[in-house]
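These notes concern the structure reproduced below.
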Amino acid sequence: MVVPHDGVGARQARHWLAGELGAAVPSALLADLVAVLAELVGNAVRHADPLPGGVIRVGWRLRPTPMGPRIWLRVTDGGAPVEPRIRAIDPDAPDGRGLHIVAGLSSRWGVDRDGHGQSVWAEFEPAGSPAEPVGEQAGPAGQQAEPVDSNAFGGPDLVIA
């Protein structure tokens, strides 16, 4: 899905995600997915350039597992001068909490950059699944893991992009 590189795009992405996955995932998980997607699109609008045509590409993938759905969210924009990363914030600061929210609600998150833009992604593991480090994931201490293969969304499942 492509959405405008503005606040309307974030609203469109949230509504589309809720409409597509609302019946497929528990309501608490859907709320987390919508919150994380809103943060990722909002960050793309605020901090990154648009893709050609003034848009952002939004996608997700749901893979059913015996323990519950495994879900990936991905937001691709035209790139930014600074790579997205969790930063220390002043408790009184009016902003800067988006990636803290993403890190707190998702199992892991990361950034893929290819010289033509960047994709920021978040993964949601079913409860009780072992989390394996992938991607340029920024953990609570800002630690980095190995880069993830950009094709990590492969496999037989529900793909919306």
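Measuring nothing but how far apart in sequence close Cα pairs (under 8 Å, 6+ apart) lie, relative to its length, region 3-57 scores a relative contact order of 52 percent.
Viscosity 1.306 mPa s, temperature 10 °C: Stokes-Einstein D of region 13-102 from its Kirkwood Cα radius, in µm² per second? Intermediate values should be presented prior to the final figure.
Working: Rh = 14.5 Å.
The calculation lands on 110 µm²/s.
Take the Cα radius of gyration of region 76-129 and divide it by 2.2 N^0.38 Å, N being the number of residues; the result is 1.31.
In debye to the nearest 20, how big a dipole does region 1-80 give about its Cα centre with +1 on each Lys and Arg Cβ and -1 on each Asp and Glu Cβ? Kindly include the intermediate steps, with their values, before the conclusion.
Values: 8 positive and 6 negative charges, 46 e Å.
Here the size comes out at about 220 debye.
Placing unit charges on each Cβ (+1 for Lys and Arg, -1 for Asp and Glu) gives region 44-83 a dipole about its Cα centre, and among I71, P81, V55 the Cα reaching farthest toward its positive end belongs to I71.
Mean sequence separation of contacting Cα pairs (under 8 Å, at least six apart), scaled by the length of region 21-92, corresponds to a relative contact order of 29 percent.
Output the peptides 60-73, 31-44, 112-125, 80-93 sorted from most to least packed, where packing is the average of other Cβ atoms within 10 Å over each peptide's residues. Don't skip to the answer; put the middle values down first.
Working: 60-73: 17.5, 31-44: 21.8, 112-125: 19.4, 80-93: 11.1.
Put in order of decreasing packing, that is 31-44, 112-125, 60-73, 80-93.
Computed from the coordinates by the stated procedures, all read-outs in this text should not be read as laboratory data. These numbers were taken from a predicted model, which means no experiment stands behind them. Because the Cβ atoms are built from the backbone with ideal geometry, glycine has one as well, and the counts that use them run over all protein chains shown.
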